[in-house]
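What follows is a set of notes on a single structure, which appears directly below.
Only the coordinates and a few stated rules stand behind these numbers; no lab work does. Keep in mind that this is a model prediction, so the values were computed, not measured. Here the Cβ positions follow ideal geometry from the backbone for every residue, glycine too, while neighbour counts run over all protein chains shown.
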Amino acid sequence: MITSEHTHVFPRLLDLAYPSIERGRGVRLYTTDGSEVLDACSGGAMVACLGHGDRRIVEAARDQARRISYVYNHHFTNEPQERLAKALIELAAPEMTRVRFVSGGSEANETAIRLIRQYHVDRGEERRWRIISPAQAYHGALFGALALTGRHSLQAPYGEYLPGHLHIPPATWRFDPSGEESLRELDRLLEAAGPDTIAAFVCEPVGAAALPGYSAPERFWEGVAERRDRHGFLICFDEVVTGMGRTGSWFASDQLPVKADIITGGKGLGAGYAQLAATLCAEHIYEALAAGSRNFEHGHTWDGAPLPCAVGLAVLDVLCEGGLIERVRERGPSLREELEEALADSELVREVRGRGFLLGVEFVDPRDGESFLPNELDAAALVDQKAFEHGLLVTSTHSTADGYCGDQTLLAPAFIATDDELGEMVARFAETVSEVEQAIKQALAGAAA
Ligand SMILES: Cc1ncc(COP(=O)(O)O)c(C=O)c1O
């Protein structure tokens, strides 16, 4: 364990002791002090969808690095980038026609914001700049992407740096099970801001870090599509987590009754073997720039470099050869059922939800089975800590001050996890929840006494 006093690294949480990982194989991680961790969250950030240590990808990266690892997109294109763009569109997103590769999800969303804006400016609609998005979301740490989430805890110290985008409440069972309330709020915001100032609606099709495994009701998506037709804004799906098969289809939005104008992807595209993300757009977006400024002046040093793109190609090969997206599609529903069954007796668990290998567990106060747990218990941290004691890696999220969500846990195993490994993850998680429940009940009883 490495603590902040014993490192030159600037850690994320200064009070946390970090285990140091030496290597990984499949869904298992091994620490430098010899313990083994079962990885139920693809490296912790829903990235390593093919598991750790896949030789085919390592070899593809080595071969590419030997030929050419890096050139700058401003001067050159390169074969892996060209092939990856073509393969992604043909295989995963036939309704899109262009791809810009970047290094991470935040960059992909920043690229989307710039593209959205440029689309409207090039078409002579300069008034359109504001974006509407659900409040309870995560779109990245860079200022443009950070402004898209409505979570005060993330934005608070940086308010001055963030433009005033607009947010609607999430259509969860708690607030709005039909989705109609969120649509009404969307209408209200459109009206108040002036529909001709709205550039886009940006949204995760299935929540991950902020609302694990949650997707709005069908009616909500249909309503957003109707409003796009009426008011002329764009729809951009942030599929940084959900893309590349995580929910059982190439993109999760394939399962929704609305088509995007722009999609961003990341995490699973490089699968943890390279920093790779992408912004994809439909032809009418490209056409607006082609007929307008003919310039998309936005880029980062590593965009579309040969090494990460070669890794992306190898990832696509492994996904296709192994029939891994089909596996996620077929195995996802029974995995969710197994998790539900294992947690059925828990008074702490209100809901198990999700699609494919992106599952969320929502916790509530066991005294009424409905309210959020008291903030000071920090159930999310307790779940992660207890899971770790059981040799299990999951990622939990704490309740938000605006009251849109309580403590939740995300499970996002690698697609290559065997049935036995998935069973072990479920069993260890159920033991974890049972211990957390005991601890929480004790704390609640102590507080009441
Ligand atoms: C939905 C979503 N979008 C964007 C991001 C940002 O990606 P990155 O951390 O690679 O910048 C994340 C990160 O977790 C995410 O969950």
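Under a 5 Å amide H cut-off, with hydrogens placed 1.01 Å from N, ALA277 pairs with VAL102, SER103, GLY104 among residues at least 5 apart or on other chains. For a straight C-alpha distance cut-off of 28 angstrom, the lysines reachable from LYS86 (same-chain residues fewer than eight places away being disregarded) are LYS259, LYS267. Dipole orientation for the chain: of the candidates GLN64, ALA93, ALA417, GLN64 has the Cα lying most toward the positive pole (charges on Cβ; Lys, Arg +1; Asp, Glu -1).
Averaging Cα coordinates gives a centre for segment 172-189 and one for segment 26-55; these two points are 38 Å apart. Taking every alpha-carbon pair under 8 Å whose residues sit at least 6 apart, segment 156-287 reaches a relative contact order of 18 percent. Quick one: compute the contact order of segment 71-165, relative version, from alpha carbon pairs under 8 angstrom and 6+ residues apart, as a percent. Dividing the mean separation by the residue count of segment 71-165 yields 20 percent.
A straight Cα-to-Cα reach below 20 Å connects LYS386 with the lysines LYS441, residues fewer than 8 places away in its own chain not being considered. Projecting the Cα atoms of PRO134, SER293, ALA252 onto the dipole axis of segment 56-321, where Lys and Arg carry +1 and Asp and Glu carry -1 at the beta carbon, places SER293 farthest toward the positive end. Helix screen, the chain: DSSP H segments with Cα axial length of 27 Å or more and mean Kyte-Doolittle hydropathy at least -1.0 are 419-448. Look at the dipole of segment 56-321 built from charges on Cβ: of ILE262, HIS152, TRP302, the Cα furthest out on the positive end belongs to TRP302.
Here the residues SER371, SER42, ranked from fewest to most Cβ neighbours within 10 Å of their Cβ, fall in the order SER371, SER42.
Neighbour counting of Cβ atoms within 10 Å sorts the residues PHE10, PHE372, fewest neighbours leading, into PHE10, PHE372. Every helix of 4 or more DSSP H residues in the chain counts as -39500 (n - 2.57), and over all residues that averages to -11500 deg cm²/dmol at 222 nm. Mean sequence separation of contacting Cα pairs (under 8 Å, at least six apart), scaled by the length of the chain, corresponds to a relative contact order of 21 percent. Packing around the peptides 157-164, 410-417, 295-302, taken as the average count of other Cβ atoms within 10 Å per residue, puts them in this order, highest first: 410-417, 295-302, 157-164. With neighbours defined as other Cβ atoms within 10 Å of a residue's Cβ, the residues THR31, THR400, THR3 order from fewest to most as THR3, THR31, THR400. With all projection directions averaged, the alpha carbon convex hull of the chain covers 22.1 nm².
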